1. Between region B:46-105 and region A:115-170, how many Å separate their Cα centres?
2. Hey, any idea what Rg/Rh is for region A:1-60, computing Rh the Kirkwood way over Cα pairs?
3. If you bin the C-alpha pair distances of region B:256-307 every 5 Å from 0, what whole percents do you get?
4. What do you get for GluC sites (Glu not before Pro) in region B:242-307 restricted to DSSP loop and a cutoff of at most 13 other Cβ within 10 Å of the site's Cβ?
5. Helix-derived [θ] at 222 nm for the protein assembly as shown: sum -39500 (n - 2.57) over DSSP H runs of at least 4, divide by residue count, nearest 500?
6. Just going by the charge dipole of region A:2-169, with Lys and Arg at +1 and Asp and Glu at -1 on Cβ, which of A:LEU76, A:GLY98, A:ILE120 is farthest out on the positive end?
7. Express in nm, to one decimal, how much length is gained between A:GLN67 and A:THR100 on full extension, taking 0.36 nm for each residue of separation and deducting their alpha carbon distance.
8. Using just the Cα positions, wrap region B:106-171 in a convex hull and report its mean projected area in square nanometres, one decimal place.
Amino acid sequence: MKNMDELIKTFHIDWKLLIAQLVNFGIVLWVLYKFAIKPLSKTMDARTEEIEKSLEDAKKIEASLAQTETERQDKLDAAKKDAQEIIEKARQQGERQGKTMVDDAKREVQTVIAAAKEQIAQEKQSMLRELKAEVGTLVVKATAKVLEKVTTKEVDERLIEESLKEVKRQ
Amino acid sequence: MNSATDSSDNQEALALAEPLTAERQENNVELSASAPETSESISHEPTLFAEPVFNLGNFNVTNSLLNSWLTVVIIFVLALAVGKKIRPIPKGLQNYFEVILAGAMNLADSVTGSRQKTKKIFPLVFTIFIFVLINNWLGLIPGIGSIGFIKSHEGGQVFVPLLRGGTADLNTTLALALFAVLASNIFGFITVGLWKYFNKFVNVRAFLEIPRQIKKDPAIIFVNPIKAFVGLIEIVGEVAKVASLSFRLFGNVFAGEVLLSAMAVIFAFVLPIPFIFLEVIVGIIQALIFAMLTLVYFTIAGTAEEH
């Protein structure tokens, strides 16, 4: 204890001074904490958070950008494919249509030809008929003229009969 | 020197022969006239303690306390200047403070091991660092320790500096050390728990464990009393912490002041300059050591005992 007293005397240790210095330190602690450490660390933390968030956001944005890019590319590809298909279809359709048109034309031509042929045949027939009739009358006239001069009644009758027969047979 | 020996001779002569009063008076006048001229009679040496400058009631305001108040004012102004306009995008003074704060935090992290723990202890330790640092450096400013007044003290005349480095007084360092160690212990029993923390010093649990574990491990009957004894040594350790913290800081700063004044006595120009730089470095190192040790004490107190 004597040593302690000597120590206190040598260094002039005074509990009042100790308390005064503690009060000083307390003031400094309060001021530093209140005005510097607390708000500064708060803003620093907030800034760190914000930067982290921004970086994350940037990453997200980049990802979404890439996604939209691929989506766009996909859409473009699909559109190209669609267009190709449509063109192909149109081409096929055109081909088909052309073919049918050609077929129709052919068929029509065929029918026209057939009709023409028939008409021709009919005309031929009627011409023949007319011809026959005319020939008949001519023959009759000619024979009459001839017979007026050469034949008898018998011959005449027989000839008429024969030619009638022939006409009938025809 | 001649006059002094003369006067002592005269005193003796006076004692022997009363009637020689005229001669004595003459000598006395001579003494008082020569005193202000010769500097030997005014004590200029740095004292181990801070001298009282004036009194407030029965409270002695010492020059170190004055310096400490100056430190408080400086830190107050700085903190206000920073804290007044804190912006999310730092500018000017805020930049420097943020750099210091972030660096100190990282350093503290390397000791505590986790940012969460650091956040609990940091304000205290950082304040200790700043307070000690400013106090150390204030003591180096020219004028502090050299401007003062002359006071008669115990017969002789003593030069009393008006200001003296705050940490060059054991009262300041002892107050800080006591606070640091006490606070670390309080922090310890808050984080670890009162019973556990109490057992760190007075290891009751070590004795309570003996009957339970003696069958498993008979050596425990020797080991645990040793553990309890170690706990008692820890109490001495706490006192040693206070002593080492306070005397280290006081010793370094006081020695620096003695060194500087010694250099100034040898040659007042140029010669002290390198030593002033040295003392600037010592000031920051001592502040750092004090703060780091406090941080270590807190960290140790805050971790549960693992044996």
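Here, each number is a calculation from the coordinates, and none is a lab measurement. Because the structure is a prediction, the values reported are computed rather than measured. Glycine also receives a Cβ, built like all others from the backbone with ideal geometry; neighbour counts cover every protein chain displayed.
1. 156 Å
2. Values: Rg = 23.6 Å, Rh = 15.6 Å.
Rounded to two decimals, Rg over Rh is 1.51.
3. 5, 18, 17, 12, 10, 9, 8, 7, 6, 5, 2, 1
4. Numbers: sites: B:GLU257, B:GLU279, B:GLU305, B:GLU306; in loops: B:GLU305, B:GLU306.
Here the sparse-neighbourhood loop sites are B:GLU306.
5. Details: 14 runs with 371 residues, N = 477.
My calculation for the protein assembly as shown gives -27500 deg cm²/dmol from helical runs alone.
6. With unit charges placed on the Cβ atoms, the residue in question is A:ILE120.
7. Working: separation 33, 0.36 × 33 = 11.88 nm, distance 4.82 nm.
So the chain would gain 7.1 nm between A:GLN67 and A:THR100.
8. Values: hull surface 24.5 nm².
In nm², the orientation-averaged hull projection of region B:106-171 is 6.1.
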